Amino acid sequence: MLAEGDADFRLFKVVCNDRRCQNTMYVSAGETEIECFQCGQRFPKSSLRDVQGITTVDFPTGLDLYLRRMILNNSLPKRGTEMVKVLGLSNYYCKLLSPFLTIYGMDKETGKAKLLKDMNRGDIFDCSSFGDRAFLIEPEHVNIPGFGRDITGSMNYLSETLKLIKSSNGNEERLLPIHTDGDGHCLVHAISRALVGRELFWHPLRCSLKKHFETNLDKYKELFKDFIDTEEWQSIIDECDPEFKPPEGELHGLRNIHIFGLANVLRRPIILLDSLECMKKCGDYSAIFLPGLVDAAGCKGRDKTSNKPICIAWSSYSHNHYIPLVGIRNMPLPVLPLSLLPKVWGMPQTEINTYIEFDDDGNCTIGGCRVLSDSYIQRLVGAMEGQFYEQSQIHPSIVADTKLFLCADNGPLFNFLKHFQNLNHRRLSCFLERIVLLNTKVTTVIQKAKTIVAEERLFRCMNCKALCEMRFDTSWLCRGGILYNSLLQMHKNLVPGKSYKMPIDSNYRLYCKYDSLNDILVPDMNSCSIEKCCWCQSTNLVKLKADGSSICEPESDLNTKSNLPNQGFDKSGQSPKKQAGEDVPEMLTLKIQWGDLEAEDVIPDFKLVKRECIGKAVIEITSSFICKHFPEYIHNVDLHSFVVEKIVQRAGISALFESTSEAEPKISKKEEMEASSDVKEECVVGSSPQKQLTTSTCENSTETHSSSPPTSEPQFVKVVSQNAQAANLILSENGISYTQLQEWIKDKFSIPIPNQRIKIGFPPKELEAPVNSTQPLPLKHGDRLVVENCPKQTANRLLSACIVRNTARDFSSQNPYTAIQSDVLWNLAKLSPEQFRKGGTFYEEVAGSRILYDMVHFFVEAFPNKTFSYNHHSDSIELCVKPLGHFEISVDLDSRIEQVQEGESVKGYRKCPVMSLKTGHKDPIVNKTIKKSLPSTAQTSSENHAAPLVRKGPGFSILTSPESSERMDIS
């Protein structure tokens, strides 16, 4: 346990308390509550069990991982109540698998899903098998949001009722109101949780109820002939259907007649409680529902006693949400006194003694002690996972993570929303929330996940376990598209079949081959990858298959001696002697405990594995280990992650494994020769004679090397300064560290180290300084560096904001905006012009991705259909309105545009030099910054001019054609 006053260490290494999660985290001594970013549970600091202090040697690594966790807490989508995992399962995941439990069961011999009718158990699941089952919550799970105690206000609403229940149970809290999701199925969710603790059986309960009404309709009509008209019964039956949608404007839901039907389906009483005030009034908001259509003998369990009632309650005065009340494990079973029981509904009051047993004190026991074990639920879920994958061709874990990470709307739009909330623009912010925060349909999420996986664009970060999607618009790759035009400018002539690295966001490695027949670029997804996780900035990402496993390189790319865990051992388990000239890896013992299961095997120490292949070797050994020892959990993503962590810890390769990333496609010698010649040709001579001499020496050295064998071909990185000076940095075999690079720049360009701002890639991005400044930088042949001479204060500000800005920018680039979202955001932005000045949200976003100079034109990803310009004198961003000019962004922007149209002179306006160009000249708005929000109609020459964009409304709000704004299917 963590002691509150323990100050021996500033950082601690802790393990998540959840038995299925076991996520390792680094926390500070000052934190009072810890949130696990993998399962979403929160724990008081004092309740953590597995706690280790950080030594001085491990402090740098621990600090790095601690800072990453802090970034994750702010960047990862917040898990709602349906996404919090408990023992590996979330409410969303259970609801996803529930439809399969209606018609499938688990074969005891194989552990796989099998049709119930093939098992002679009927067409749909018989819910009466839960007649004597009940859920008892673990004490450690009581305070978990979304699983334990309900926090929607029911504790206050039911406070007086709960006090009476507590007084009848030895003044102990033995009957606890717990959470259920409010998605229109709350009654069956509450019943399912009262029975097994999960929302797994909401679908079977609805289907069983519908079948029960259809089978016993005559009995119901006779019993309720004085209360329910004959024509109403069809509506009652229809409302039981899982896919039922009420008519527009009507709020239909399951009500008392359905609770009565469920009591007969389960063959046990159901008690509905309410606040003490409402229970004293006349009405049917509280009642006892007896299984009156079933003989009392058919409502007994294996012990020949009557099935004990389960208890549900209303959560508020609105009476529109049900929650279950359950017992707590390791405590006596809860009881309800006879004085608190409401009246019987739909049956004579005298029938209560027929179906409910009371003790000598007149109390009835709630629930019971026959609990469905967690191990059985996990096996049942595993069987349904296999059936889900077989039918949908996608693993449900990927669907659930897609819903969490890829269907959540974050980024600049939400940051801007927070800004308006701070300014008390509540009406506007609520309107924006209603536009964006819409529940995505399950079918839409499944289709989205299948599409991304099929196109090999889905990656999982092995550090934070989040999903990352490689996003790009296919229109960019067609003639006239932004990437097609950029590539054509760089290479002039495109060679069919040749693989080109696309000039896109440097976080992506996108390679395409030119298809001359269709005149398009075709992505080569086998070679494409994501450099860094868009959430935690880790470089440890793997591409996912549809079954949840990772796509690894062929065995020839790995050290095959270290691939298999049993390599190097004979049948007796002893290590054989080394033969002459043969390297045999040292074998390590690996022990894995997963829930109630344990396994032990041997793994290599990875010392013979190439550095760049360590990550893939670990993934392959993990898959081999799980296939051998945990075959029933082969598709369990959490287990894969857990085994990977244990292997990395056991082999002591944390640093190597973290730095391993996807390998680039191999470049032929001919292409390397061409690249070398391109570097020599593009070398720009500086203004001073000393710089000319330096560059000439570099060229002579290059020519000398070019005549030598290909193996000695020099490796270049081109470095360009802000004043157009350039030089080639020759990479040595040992690479170059960040400190050495700074010294080299200081010597070549006379820029002081504190003032240096180094960028890499296209578009240029800040080159982050590693924690260890002597560590070699990941520079490779053909890279391009841009160096700016910034004042010391600016350089320090940029360095301090580097991690946060890069994280925000990488994430925001993955959010495409629909036309309506962009339009709404623009109307809000005009009300807050300070966001376009220095220090504002949009100003910092632009300043962080390009060099700003007066009159430069660019696009902002949040407003893909507008053009902006930089004003050096006011140090702000202006709107460029064709054909008028540049306007300072303010509240009265639309009226000032109208005044300029009428020929009036206004403040904050200046003409645009682009408008004065003669027809036929190239448009200087060159797409130097490749963003995913840029329209594909960007023009590079007079021959490629597209149709003019549509202008609409005051201020000429530029809109694309309706066909280009595809909105996600949401409900």
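Filter the range 490-519 for residues that are hydrophobic (A, V, I, L, M, F, W, C) and in contact with a helix residue (DSSP H, G or I) (Cβ under 6 Å, 6 or more places away or on another chain) and give the result.
Here is the first cut: in the range 490-519, the ones hydrophobic (A, V, I, L, M, F, W, C) are 490, 494-495, 502, 504, 510, 512, 517.
Within the range 490-519, just Met502 meets the criteria.
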Which residue pairs have Cβ atoms under 7 Å apart, sit 6 or more places apart or on different chains, and have a first residue in the range 175-187 that is under 15 Å from Thr81 (Cα atoms) and a second that is in a loop (DSSP other than H, G, I, E, B) and open to solvent by 20 Å² or more (accessible area, probe 1.4 Å)?
His179/Thr81; Asp181/Thr81; Asp181/Glu82; Gly182/His321; Cys186/His321
All but one of (1) touching a residue at least 60 places away in the same chain (Cβ under 8 Å); (2) open to solvent by 10 Å² or more (accessible area, probe 1.4 Å); (3) over 20 Å from Val188 (Cβ atoms) hold for Ser275; which doesn't?
(2)
So which residues in the range 374-402 are in a loop (DSSP other than H, G, I, E, B) and closer than 19 Å to Glu82 by Cα?
His395
Can you tell me which residue within the range 424-467, out of those that are charged (D, E, K, R) and touching a helix residue (DSSP H, G or I) at 6+ places or on another chain (Cβ under 8 Å), is modelled with the lowest pLDDT?
Glu433
Turns out the strands (runs of 3 or more DSSP E) fully within the range 262-322 with at least 2 residues that are among the hydroxyl-bearing types (Ser, Thr, Tyr) and outside the structural domain of Thr152 (by the TED database) are none
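So which of Gly153, Gly170, Gly148, Gly184 ends up being under 31 Å from the mean Cα position of the chain (by Cα) and open to solvent by 40 Å² or more (accessible area, probe 1.4 Å)? Walk me through how you get there before you give the answer.
Values: Gly153 fails: open to solvent by 40 Å² or more (accessible area, probe 1.4 Å); Gly170 fails: under 31 Å from the mean Cα position of the chain (by Cα); Gly148 fails: open to solvent by 40 Å² or more (accessible area, probe 1.4 Å).
Of the residues listed, the single one that is under 31 Å from the mean Cα position of the chain (by Cα) and open to solvent by 40 Å² or more (accessible area, probe 1.4 Å) is Gly184.
Looking only at the range 474-523, which residues are assigned to a loop (DSSP other than H, G, I, E, B), within 27 Å of Leu767 (Cα to Cα) and among the charged types (D, E, K, R)? Give the derivation first.
First pass over the range 474-523, keeping only residues assigned to a loop (DSSP other than H, G, I, E, B): 479-481, 492-495, 497-498, 502-507, 510, 516-519.
Right, trim to within 27 Å of Leu767 (Cα to Cα) and you get 502-507, 510.
Selection gives Asp505 alone.
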Where residues in the range 15-36 are closer than 15 Å to Gln649 by Cβ and polar (S, T, N, Q), which of them is most open to solvent (accessible area, probe 1.4 Å)?
Gln22
Quick one: what pairs do we get from the range 139-157, first residue under 25 Å from Pro332 (Cβ atoms), second surrounded by fewer than 17 Cβ atoms within 10 Å (Cβ to Cβ) and of a type in the set (S, T, N, Q), C-beta under 7 Å, 6+ apart or different chains?
Pro139/Asn330; Arg149/Asn143; Ser154/Ser316
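Collect the residues in the range 171-189 that are on the phi > 0 side of the Ramachandran plot and among the small types (Gly, Ala, Ser), keeping them in residue-number order. Even if it seems obvious, please write down each step before you answer.
Within the range 171-189, the subset on the phi > 0 side of the Ramachandran plot is 171, 184.
Once the filter is applied, which keeps residues that are on the phi > 0 side of the Ramachandran plot and among the small types (Gly, Ala, Ser), the range 171-189 yields only Gly184.
Being assigned to a helix (DSSP H, G or I), under 23 Å from Arg457 (Cβ atoms), modelled with pLDDT of 50 or more and not assigned by the TED database to the domain that holds Ala546 is the requirement here; does Phe405 meet it? Lay out the reasoning, then the answer.
Values: assigned to a helix (DSSP H, G or I): yes; under 23 Å from Arg457 (Cβ atoms): yes; modelled with pLDDT of 50 or more: yes; not assigned by the TED database to the domain that holds Ala546: no.
Criteria not met by Phe405.
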If I filter the range 740-747 for residues that are surrounded by 15 or more Cβ atoms within 10 Å (Cβ to Cβ), modelled with pLDDT under 85 and either closer than 30 Å to Phe842 by Cβ or not acidic (Asp, Glu) (or both), do I get at least one hit?
no
Go over the candidates Phe130, Phe37, Phe43 one by one and state the one that is over 19 Å from Val15 (Cβ atoms) and either in the same structural domain as Glu243 (by the TED database) or in contact (Cβ under 8 Å) with a residue 12 or more places away in the chain (or both).
Phe130
Could you tell me whether any residue of the range 84-92 is in a helix (DSSP H, G or I), modelled with pLDDT under 90 and of a type outside the set (A, V, I, L, M)?
no
Taking the range 177-190 and keeping only residues that are under 17 Å from Asp241 (Cα atoms) and touching a helix residue (DSSP H, G or I) at 6+ places or on another chain (Cβ under 6 Å), one is left with His185, Val188, His189
Out of the range 757-787, which residues are buried (at least 18 other Cβ atoms within 10 Å of the Cβ) and not in a loop (DSSP other than H, G, I, E, B)?
Arg757, Ile758, Lys759, Ile760, Lys765, Glu766, Leu785, Val786, Val787
Does Ser235 count as without any contact (Cβ under 8 Å) to a residue 24 or more places away in the chain, part of a helix (DSSP H, G or I) and among the hydroxyl-bearing types (Ser, Thr, Tyr)?
yes
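The values are calculated or read from the model by the stated rules, or taken from the named source; none is laboratory data. This structure is a prediction, so every number in the text was calculated from the model and none was measured. Cβ sites come from the backbone with ideal geometry, for glycine too, and all protein chains shown count toward neighbours. Quick note on the areas: whole protein, heavy atoms, side chains included, nothing else; ligands and nucleic acids left out. Shrake-Rupley method; radii C 1.70, N 1.55, O 1.52, S 1.80 Å.
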